[in-house]
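The values are calculated or read from the model by the stated rules, or taken from the named source; none is laboratory data. Keep in mind it's a predicted model, so treat the numbers as computed, not measured. No Cβ is skipped: glycine too gets one built from the backbone with ideal geometry, and neighbour counts run over all protein chains shown.
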Amino acid sequence: MRKLVYYIGMTLDGFIAGPDGETDFFPVTQDVLDHITEHYPETLPTHIRGPLGADVPNRTFDTGVMGLATYEPALRAGITNPYAHLRQYLVSTTTPHSPDPDVTLISADVAEAVRRLKAEDGGDIYLIGGARLAGSLLPEIDTLIVKLYPVVAGQGIPLFTTGFTPTHLTLRDTTTLSGGTLVLTYDRKTE
């Protein structure tokens, strides 16, 4: 069975973006780009893979699921198919139809839709973001991979937006990059 993997960058104080969704303050250094290219190149949007030297075959994921707030910056840039190298799903209850024929709209029962995707054959499923979607899918997340950047934001969008839902995870791997970023891999704790 495929896994739903939430792969995300985060500040030391728990934010995945600034208050207005900004991410340009994250120190994406060469060591971070090298790590992404080696392990998770498919997490980079299609239009920047080539310029970053990461236009290589997918290694882990063949499907991506994202919320509307994560998708909107691409739309503002005129990109309707930001992860053309993945099967893409857009989760939105307010969008009447998908802006692109290669992006499938999920407008109801996202957890059930993700369970169906997980039951299919193929690579793992990349939970692209954001915090509300991750919060609603917390029971379905099998693996959490956090790029913990050495920066404090002070405020912003948290890793998860959900009610009080203690969820225990098991640390599987820690990788320290030369610039100080930690890559922490957690799996859902099984009893």
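Which of the residues that make up the stretch 154-173 are assigned to a loop (DSSP other than H, G, I, E, B) and hydrophobic (A, V, I, L, M, F, W, C)?
First, pick out the residues of the stretch 154-173 that are assigned to a loop (DSSP other than H, G, I, E, B): 154-156, 159-168.
Leu159, Phe160, Phe164 - these are the residues of the stretch 154-173 that are assigned to a loop (DSSP other than H, G, I, E, B) and hydrophobic (A, V, I, L, M, F, W, C).
Collect the residues in the stretch 1-53 that are over 16 Å from Ser178 (Cα atoms) and of a type in the set (Phe, Trp, Tyr), keeping them in residue-number order.
Tyr6, Tyr7, Phe15, Phe25, Tyr40
Kindly provide the set of residues from the stretch 1-16 that are assigned to a loop (DSSP other than H, G, I, E, B) and under 16 Å from Tyr89 (Cβ atoms), ordered by number.
Just the residues of the stretch 1-16 that are assigned to a loop (DSSP other than H, G, I, E, B), to begin with: 1-3, 11-14.
Arg2, Lys3 - these are the residues of the stretch 1-16 that are assigned to a loop (DSSP other than H, G, I, E, B) and under 16 Å from Tyr89 (Cβ atoms).
Looking at the stretch 154-166, which of the residues that are without any contact (Cβ under 8 Å) to a residue 60 or more places away in the chain and either among the acidic types (Asp, Glu) or surrounded by 13 or more Cβ atoms within 10 Å (Cβ to Cβ) (or both) is nearest to Ile36 (Cα to Cα)? Step through it out loud before you land on a result.
Step one: filter the stretch 154-166 for residues without any contact (Cβ under 8 Å) to a residue 60 or more places away in the chain, giving 160-166.
Checking which are either among the acidic types (Asp, Glu) or surrounded by 13 or more Cβ atoms within 10 Å (Cβ to Cβ) (or both) leaves us with 160-162.
Numbers: Phe160: 22, Thr161: 25, Thr162: 28 Å.
My answer is Phe160.
Name the residues in the stretch 114-153 that are among the polar types (S, T, N, Q) and either outside any helix (DSSP H, G or I) or surrounded by 22 or more Cβ atoms within 10 Å (Cβ to Cβ) (or both), would you?
Initially, the stretch 114-153 is screened for residues among the polar types (S, T, N, Q), giving 136, 143.
Within the stretch 114-153, Thr143 is the sole residue that qualifies.
In this structure, does Ala69 turn out to be closer than 23 Å to Ile141 by Cα and over 16 Å from the mean Cα position of the chain (by Cα)? Talk me through it step by step, then tell me what you get.
Numbers: closer than 23 Å to Ile141 by Cα: yes; over 16 Å from the mean Cα position of the chain (by Cα): no.
Criteria not met by Ala69.
Can you confirm whether Asp100 is over 27 Å from Asp173 (Cα atoms), modelled with pLDDT of 95 or more and either part of a loop (DSSP other than H, G, I, E, B) or among the aliphatic types (A, V, I, L, M) (or both)? Don't jump to the end; show me each part of the working.
Numbers: over 27 Å from Asp173 (Cα atoms): yes; modelled with pLDDT of 95 or more: yes; either part of a loop (DSSP other than H, G, I, E, B) or among the aliphatic types (A, V, I, L, M) (or both): yes.
It is true that Asp100 is over 27 Å from Asp173 (Cα atoms), modelled with pLDDT of 95 or more and either part of a loop (DSSP other than H, G, I, E, B) or among the aliphatic types (A, V, I, L, M) (or both).
When the residues of the stretch 87-120 are filtered to those that are of a type in the set (A, V, I, L, M) and within 16 Å of Ile141 (Cα to Cα), which remaining residue is farthest from the chain's Cα centre (by Cα)? Before you say what the answer is, go through the steps one by one.
Taking the stretch 87-120 and keeping what is of a type in the set (A, V, I, L, M), we get 90-91, 103, 105-106, 108, 110-111, 113-114, 117, 119.
The next check asks that each one be within 16 Å of Ile141 (Cα to Cα); those that pass are 91, 110-111, 113-114, 117, 119.
On the way: Val91: 13, Val110: 16, Ala111: 16, Ala113: 17, Val114: 14, Leu117: 16, Ala119: 20 Å.
Once the filter is applied, the top-ranked residue is Ala119.
Name the residues in the stretch 31-88 that are of a type in the set (A, V, I, L, M), without any contact (Cβ under 8 Å) to a residue 40 or more places away in the chain, closer than 19 Å to Asp102 by Cβ and in a loop (DSSP other than H, G, I, E, B), would you? Walk me through how you get there before you give the answer.
To start, the set of residues in the stretch 31-88 that are of a type in the set (A, V, I, L, M) comprises 32-33, 36, 44, 48, 52, 54, 56, 65-66, 68-69, 74-75, 77, 79, 84, 86.
Narrowing the set further to residues that are without any contact (Cβ under 8 Å) to a residue 40 or more places away in the chain leaves 33, 36, 44, 48, 52, 54, 56, 68, 74-75, 77, 79, 84.
Now drop any that are not closer than 19 Å to Asp102 by Cβ, which leaves 44, 48, 68, 74-75, 77, 79, 84.
Passing the criteria: Leu44, Ala77, Ile79, Ala84.
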